[in-house]
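Accompanying notes for the structure given below.
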Amino acid sequence: MKKLFKYIGLFLSLVVLGAFTACNIQQLDDSKDAGLNIKVFFPTKVVAGQPMTISGSGFTDAKEVVFPGNVSVTDFELAGDGMIRLTAPAGIAAEGGKLVVRSSSDQAESRLDLTVGKTVVSGYSKQAGETAEGGELITIYGKDLEFINAVELLDADGNPNLITAENFYRRGTSSVIFYVPAKNIFEGTFAGKVYTYDSNVFIMPELAYKPKQESGHWETKITYLWKNETGDAIPSWGGTFRFGLEGNDGNNECIATFPADVWNLIKEDKVRVAVDVNDASNIRITTGWWTGAYGGADHNCTDMLLEEEDGTKYIELDIKGDGNLYDNIDVQHLLFTGDAYTLLYIYTVEQEWVPGEAGHWERKSFWKNETGDAIPSWGGTFRFGLEGNDGNNECIATFPADVWNLIKEDKVRVAVDVNDASNIRITTGWWTGAYGGADHNCTDMILEEEDGTKYIELNIKEDGNIYDLIDVQHLLFTGDAYTLLEIYVNEWVAGGGSEPDPVVFWENGGSLGEVSWGGDYRFGLDGHDGNNECCATFAQDIWDIIKTGTFYLVAKGSDWPQIRVTTGWWSVQWMGADNDIKPDNMAERMVDNGDGTFTVEINFGDDPIVGSLDEQHLLFTGSGYTPLKLYHK
């Protein structure tokens, strides 16, 4: 995630304009004529040993940089007339102050104060005695952790192995996350070390480290044994949906027969039977001779219905365990009868270990609907093609050959926003052929991601109806009453796994607007809001995370958000009085999410605010931003 450079950039612009209000544009561009001047320095909070830069003008003749406490530095790198690179010295006054750049004949003082950090480590994501396997992520919690520059573990031979800051998974002010080396890690129990720029050393808990073992991941494997290609419902108490063993259907009574290995799986093991039901459904599973019934005589199996994650209703069929049909179906077949339901498919679900690098799933997007426009009713707007094959400019987007071939030859996912009236037609730009068959409404193919996203898994090659046509005729999404959101795939990314999934414990329902030094965004512990002042209260476990753990604020900001985290009584402020997070102060705490929002990581650690939260509540105030949600990991 990128920092909010646009805010820092705006800050720099304001400083420059403020310093040169009497100058014309030519003077602003000619830094050599501007005289000795400090425009900005970064970072604004430092510890001894911290690399930093000073930007300004007239630095060619600079002789020394003086830090608060009258600490002089003469050993620095001059990067042209407008930049000095140097290392923050030891001995800077704890209260901070102005930076001064001096030449032989002039001096310039910074507009902003330099502040001094002090790293405090409050805890770790793993506790003493726990196991840490190669490839795992370990999180360090605390305050001013941006000054951590290395973690020391032991390599496979027992020698010190430094993991430097550029190799951290993430480094922030209140948490640092790093990977345990996958293979080059000593197998045994030891305490790692955490180093800071100013030579502080923190000893980690003793953990039992071991190299990454067999790498790979579990995948859910679905095997379809039979599908209802026509979509026909069960004829009322009829004998149509009858299944048998290959070679045992002399009278051709079965809708399908199975080879011996599949039949034995159905008989001896557990299989799933997907059904579409309603309140009037009666599901009878019996033999073709009606001698016995699954679950007992006259049993309606709707009471056995279970549900997949995507909402599919199914019965887990265990013929051997049930016993009522097991001895008869080889000769008499297996019959699904009853009334008012549709047998969709018979399938198995297995968890399969897939060898390979440990890692995590990531969404790779090929196209997004940036405007949010819905599909025009039976229109031709959402048409896609191969680059170079859109001479008449009819396509909303074209893809390079590698992406187009993936869409044609493999499986991709198409995210949609639908309602009860939706009709999704996937065809060619010439309307010659339709995915799923003539006039097919693809809403019956909709699946659901874990995050609730509705999608269709598009397999153009296997479907076959438009495969040979789309290179010339393009791919068209048309129909009515839905929005095409995204075309994407989920890819397995190697590299030690991902961060835990976020747990959202509060979301802005829209009734609360932008913060403007008010008290709307006030949060408390359940039972501690007698005057109904809070917009939300939380159970003790969530409140404990807020007080002693790490949580995150996601917000939408203006060009100049100012974030103050305090109590509902305004008595204690996180990180000190009037120390707000804003573009010219701790801007690095606002992490740009790339979608117009930003995230602030919050870990109170031993801050005095913690002792007041139970009684006085937690308040987000300030100006120029709208809180959207709170979450933890």
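The values are calculated or read from the model by the stated rules, or taken from the named source; none is laboratory data. Only a predicted model underlies this, so the values are computations on that prediction, with no experimental measurement involved. When we count neighbours, we look across all protein chains shown, and the Cβ atoms used for this are built from the backbone with ideal geometry, even at glycine. For accessibility, only protein heavy atoms count, side chains too; no ligands or nucleic acids. Shrake-Rupley method; radii C 1.70, N 1.55, O 1.52, S 1.80 Å.
Observations, loosely collected:
- Residues of region 96-121 that turn out to be open to solvent by 70 Å² or more (accessible area, probe 1.4 Å), farther than 21 Å from Val40 by Cα and not in a loop (DSSP other than H, G, I, E, B), as a count: 0
- Among the residues of region 441-462, not a single one is more than 32 Å from the chain's Cα centre (by Cα), open to solvent by 10 Å² or more (accessible area, probe 1.4 Å) and not aliphatic (A, V, I, L, M).
- Tally of residues being over 21 Å from Thr164 (Cβ atoms) and either part of a strand (DSSP E or B) or more than 30 Å from the chain's Cα centre (by Cα) (or both) across region 183-236: 28
- Considering residues of region 230-248 that are farther than 18 Å from Thr337 by Cα and not small (Gly, Ala, Ser) only, the residue most open to solvent (accessible area, probe 1.4 Å): Glu246
- A search for C-beta distances below 7 Å between a residue of region 242-260 that is farther than 20 Å from Leu344 by Cβ and any residue that is among the basic types (Lys, Arg) and open to solvent by less than 80 Å² (accessible area, probe 1.4 Å), counting only pairs 6+ apart in sequence or on different chains, returns Glu253/Arg242.
- Residue in region 541-551 that is open to solvent by less than 40 Å² (accessible area, probe 1.4 Å), on the phi < 0 side of the Ramachandran plot, assigned to a strand (DSSP E or B) and touching a residue at least 40 places away in the same chain (Cβ under 8 Å) present: yes
- Flag if Asp261 is assigned to a helix (DSSP H, G or I), open to solvent by 80 Å² or more (accessible area, probe 1.4 Å) and out of contact with any Lys or Arg (no Cβ under 8 Å at 6 or more places or on another chain): yes
- Residue within region 158-176 that is part of a loop (DSSP other than H, G, I, E, B), at pLDDT 90 or above and out of contact with any strand residue (DSSP E or B) (no Cβ under 7 Å at 6 or more places or on another chain) present: yes
- Where a residue in region 105-131 is within 25 Å of Asp61 (Cβ to Cβ) and its partner, wherever it lies, is hydroxyl-bearing (Ser, Thr, Tyr) and assigned to a strand (DSSP E or B), with Cβ under 9 Å and at least six apart: Ala108/Ser57
- Some residue of region 600-607 being closer than 20 Å to Trp506 by Cα and either surrounded by fewer than 19 Cβ atoms within 10 Å (Cβ to Cβ) or among the basic types (Lys, Arg) (or both): yes
- Within region 143-153, if we keep just the residues that are at pLDDT 90 or above and open to solvent by less than 40 Å² (accessible area, probe 1.4 Å), the residue that is nearest to Phe604 (Cα to Cα) turns out to be Leu145.
- Hits in region 441-464 - residues which are in a loop (DSSP other than H, G, I, E, B) and either modelled with pLDDT of 95 or more or closer than 25 Å to Glu309 by Cα (or both): Asn441, Glu449, Glu450, Asp451, Gly452, Thr453, Asn459
- Region 287-341, residues that are without any contact (Cβ under 8 Å) to a residue 40 or more places away in the chain, more than 20 Å from Ala274 (Cα to Cα) and buried (at least 16 other Cβ atoms within 10 Å of the Cβ): Gly292, Asn324
- Here the condition is being within 29 Å of Met575 (Cα to Cα), modelled with pLDDT of 90 or more and open to solvent by less than 80 Å² (accessible area, probe 1.4 Å); of Ala62, Ala93, it holds for Ala93 alone.
- Residue match in region 316-336 (condition: in contact with an Asp or Glu (Cβ under 7 Å, 6 or more places away or on another chain), at pLDDT 95 or above and under 25 Å from Ile446 (Cβ atoms)): no
- A count restricted to region 514-535 and to residues that are within 30 Å of the chain's Cα centre (by Cα), open to solvent by 80 Å² or more (accessible area, probe 1.4 Å) and touching a residue at least 24 places away in the same chain (Cβ under 8 Å) stands at 2.
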